[in-house]
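As structure tokens, the structure follows; a few thoughts come after it.
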Amino acid sequence: MFRFATPQKVCRIGNATFGGQPGERPPLLVANMFQRGDKLLKNRKTVEFDRAGAAARLAELDRLVAATGVPALVGLVAPTLPEVKAYTEFFLSRTDLPFGIDTWTPQGRMQAAEHVAAIGLQSKFLYNSITAWDKDVPGQVARLKDLGIQHVVVQAFDMEDKHATGRVKSLRTLLAEVEKGGFQSIIVDTSVMNLPATSISLTANRLIKEEFGLPAGLAPANASYMWKDALTKFGSDFFRGADAGLHAIAAILWSDWIIYGPMSGTARVFAAVSAASTLLATLAAEEGAGLPADPKHPLNRLFPKEAQQLHEEERKTMSVPTNGKTSRDRVLGLFRGEKQDHPPAFSGMGNITVHGIYPHGWRFADIHTDADKMARAAASTSQLFGFECAVAPFDMGVEAEALGCQVNYYTQSPQDILYPTISKKLANTVDEFKLEVPVDLAQRGRVPLVLDAIRKLKAEVGSTVPVGAWVLGPFTLAGQMIELDNLLKMSFKKTALVSGILDQLTGPLITLANLYRAAGADYITVREMGATSDVLSPRMFKTLILPPLQKVFAALEPPRVLHICGTTSAIFELMAEAGAEAVSIDQKNSAADAVKRIGDKVLVFGNLDPYSVLVTGTPDAIRDKVKGILDEGVDALWPGCDIWPSVPPENMKALMETVQAYRG
């Protein structure tokens, strides 16, 4: 009832994010301001309004958005251009919320869009709307595209079929033209006509999400404010109860956005929708979805104690060992050559998810600079989903930072997921590169933090889950410390010089890998990500990349894994000569080909696409893909690179269920 096989679109308008699977996010609430009868209005012709009263309403809306986590947008009702300009200028001076400009004619709507384009605020503006009654939809779409409008509403309705099927039919026709606009967001209004018929719009929401995956919504206020008897016969309390109830029902039944009418109803609507969104999150969880990870979700923001208990219960139910064998038994037994009950699903690379981070109230940047948070985040993927490992660190900057480079952690960035990157390299060219390896490498940069995190990780889950750690390969580390374009160019022109640099880098990499093992890591992965056949020939790999890799692996205790990104089919046999017990292959390669060519020499791990399949695919598609990879004979199901942290919980669940049920 609350899960869709069709991938669901998530929209971001300004600072408001909404859409996706039911329960993941609360709906976007859209208020009207300066509508007919609004007590703020004094004179439309002279554009006079109560500025203090308007500011107070916006301040209340901002407060409730922050307090509940429910996003909001304001529709400024402005039928004339002077009103458009005046209301917009006032609104933008008082709040950072996104906005729309509502008027009754196609000409007025376009005039408003032109003003928004003129002031350059297309990213936080919602055009409302392209309708089934518009005479020139293609012309309207073309003009909006020229103006750079990014977010549009499509109002679906069919005069011949006024049921939900008619709304869907109307949308199909409109989308044929609207999609030509290349808009970032297309959201659908399913046209509420009256209170009894609101169920038709709600059903249409469900059908639209099932077929198109687009955010769908409606205006329950059309129904409640049209029910005149509710106020005149039964009184204001009766009306407010009916209005709040309609909005709560809409929030539960497949509405990604809701127009709630006059801002006088802000408090009651936010209360109703916050409660309903909390219930929907737990309803969806009962159907197999994960609980919402975003700390701003009403469940987590308004009920932190209860939410924490629910998240803890979720972890317990999802991390139970299968068939009486722990993940640690299975993975380490695989490296020893023991036959397993099913191929393990694990990784030697990043596999943290926001579902193990955000419920704690942590930002993504926090987990890279705090040992306790790093350990708990690393443990959470196995605890939440049964994924058969816990791996630290998470980013590619640890080694370069310890050797003198500077790292940007993006602690002030508004973007949710950004991994640390090197902000200042050690050299621009290979000729300038001078390496001085500190004798106290274990105390440099974040090395002490990572070692502490591994020790904490071992203590928390190490008895049942294998703990992994990774270092970069020599060539990839060189690319972190020297401008990459120069390194690649000089690999061909000054091969001997680059070879000497790589040989220098093997020492600190061996030291770090052995420190990680001593701290509690059960296996080490060397990620020579930059040495892909996409940029280096097999001959260059053999002469430049392979010797330092062999030197690193020879100095490490088993188990050891080699991972190289990109297309590597031309160097499969060379990868098998590096000295690791296993090689990990990227999704660009054929797993069956790798197994056939090197499966008798080393273990082959791979090669699930960690984003295009695991994040954006449906659970059914993931089940098919995982089974197909296992059928090709890999020894373990590995993602082709880091799992992107926003992976949907239901997709992780589908991955693990398929692997655990597989018997070859």
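Quick look at the values:
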quantity: Looking only at region 1-17, and only at residues there that are outside any strand (DSSP E or B) and closer than 16 Å to Leu214 by Cβ, the one that is modelled with the lowest pLDDT; calculated: Ala5
quantity: The one condition in (1) part of a helix (DSSP H, G or I); (2) charged (D, E, K, R); (3) touching a residue at least 12 places away in the same chain (Cβ under 8 Å) that Lys39 fails to fulfil; calculated: (1)
quantity: Single match in Val437, Val407, Val430 (criterion: assigned to a strand (DSSP E or B) and in contact with a helix residue (DSSP H, G or I) (Cβ under 9 Å, 6 or more places away or on another chain)); calculated: Val407
quantity: Selected residue (only one of Asp452, Asp485 is in a helix (DSSP H, G or I) and at pLDDT below 95); calculated: Asp485
quantity: Selection status of Phe433, over 32 Å from the mean Cα position of the chain (by Cα) and among the aromatic types (Phe, Trp, Tyr); calculated: yes
quantity: Hits in region 123-155 (condition: among the polar types (S, T, N, Q), at pLDDT 95 or above, in a helix (DSSP H, G or I) and out of contact with any helix residue (DSSP H, G or I) (no Cβ under 8 Å at 6 or more places or on another chain)); calculated: none
quantity: Pick from region 303-325, criterion touching a helix residue (DSSP H, G or I) at 6+ places or on another chain (Cβ under 6 Å) and outside any loop (DSSP other than H, G, I, E, B), ranking: modelled with the highest pLDDT; calculated: Ala307
quantity: Options Asp372, Asp416, Asp366: the member that is closer than 25 Å to Leu299 by Cβ and touching a Phe, Trp or Tyr at 6+ places or on another chain (Cβ under 8 Å); calculated: Asp416
quantity: Filtered residues of region 342-356 (kept if touching a strand residue (DSSP E or B) at 6+ places or on another chain (Cβ under 9 Å) and either free of Cβ contacts under 8 Å to residues at least 12 places away in the same chain or among the aliphatic types (A, V, I, L, M) (or both)); calculated: Ala345, Met349, Ile352
quantity: Neighbours by Cβ (under 6 Å, 6+ apart or cross-chain): first from region 94-122, part of a helix (DSSP H, G or I) and buried (at least 21 other Cβ atoms within 10 Å of the Cβ); second of a type outside the set (A, V, I, L, M) and at pLDDT 95 or above; calculated: Ala113/Tyr127; Val116/Phe125
quantity: Pairs with Cβ under 6 Å, 6+ apart, first in region 642-660 and part of a loop (DSSP other than H, G, I, E, B), second surrounded by fewer than 19 Cβ atoms within 10 Å (Cβ to Cβ) and of a type in the set (Phe, Trp, Tyr); calculated: Trp644/Tyr611
quantity: Number of the condition not met by Arg51 [criteria: (1) out of contact with any Asp or Glu (no Cβ under 6 Å at 6 or more places or on another chain); (2) free of Cβ contacts under 8 Å to residues at least 60 places away in the same chain; (3) at positive phi]; calculated: (3)
quantity: Residue in region 565-586 that is in a strand (DSSP E or B) and not small (Gly, Ala, Ser) present; calculated: yes
quantity: When residues of region 326-361 are limited to those that are of a type in the set (Phe, Trp, Tyr) and modelled with pLDDT of 90 or more, the one farthest from the chain's Cα centre (by Cα); calculated: Phe335
quantity: Check on Lys339, over 18 Å from Val461 (Cβ atoms), free of Cβ contacts under 8 Å to residues at least 24 places away in the same chain and in a loop (DSSP other than H, G, I, E, B); calculated: yes
quantity: Yes/no for Ala293 being in a loop (DSSP other than H, G, I, E, B), under 23 Å from Lys653 (Cβ atoms) and either within 21 Å of the chain's Cα centre (by Cα) or in contact (Cβ under 8 Å) with a residue 40 or more places away in the chain (or both); calculated: yes
quantity: Whichever residue in region 9-55 is surrounded by fewer than 20 Cβ atoms within 10 Å (Cβ to Cβ) and among the polar types (S, T, N, Q) and, among such residues, is nearest to Leu279 (Cα to Cα); calculated: Thr17
quantity: Any hit, region 491-514, residues being over 14 Å from Ile564 (Cα atoms), crowded, with 17+ Cβ neighbours inside 10 Å, of a type outside the set (D, E, K, R) and at pLDDT below 95; calculated: yes
quantity: Residues of region 497-531 satisfying the condition of being β-branched (Val, Ile, Thr) and either within 17 Å of Asp452 (Cα to Cα) or without any contact (Cβ under 8 Å) to a residue 40 or more places away in the chain (or both); calculated: Thr511, Ile524
quantity: Hits in region 178-204 - residues which are under 17 Å from Asn128 (Cβ atoms) and of a type outside the set (A, V, I, L, M, F, W, C); calculated: Gly181, Gln184, Ser185, Asp189, Thr190, Ser191, Ser201
quantity: The listed residue being closer than 24 Å to Val269 by Cα and under 27 Å from the mean Cα position of the chain (by Cα), out of Ile187, Ile208; calculated: Ile187
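Yes/no per residue for (1) assigned by TED's automatic domain parsing to the domain that holds Thr464; (2) out of contact with any helix residue (DSSP H, G or I) (no Cβ under 8 Å at 6 or more places or on another chain); (3) more than 20 Å from Thr658 (Cβ to Cβ):
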{"site": "Ser327", "(1), (2), (3)": "no, no, no"}
{"site": "Val331", "(1), (2), (3)": "no, yes, no"}
{"site": "Arg336", "(1), (2), (3)": "no, yes, yes"}
{"site": "Gln340", "(1), (2), (3)": "no, no, no"}
{"site": "Pro343", "(1), (2), (3)": "no, no, no"}
{"site": "Ile352", "(1), (2), (3)": "yes, no, yes"}
{"site": "His355", "(1), (2), (3)": "yes, no, no"}
{"site": "Tyr358", "(1), (2), (3)": "yes, no, yes"}
{"site": "Trp362", "(1), (2), (3)": "yes, no, yes"}
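Conditions (1) among the aromatic types (Phe, Trp, Tyr); (2) outside any strand (DSSP E or B); (3) in contact with a helix residue (DSSP H, G or I) (Cβ under 9 Å, 6 or more places away or on another chain), marked per residue:
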residue	(1), (2), (3)
Val595	no, yes, no
Asn607	no, no, yes
Val613	no, yes, yes
Arg623	no, yes, yes
Val634	no, yes, yes
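The values are calculated or read from the model by the stated rules, or taken from the named source; none is laboratory data. Owing to the predicted nature of the structure, the values given are computational and were not obtained by experimental measurement. Counting neighbours? That spans all protein chains shown, and the Cβs are built from the backbone with ideal geometry, glycine included.
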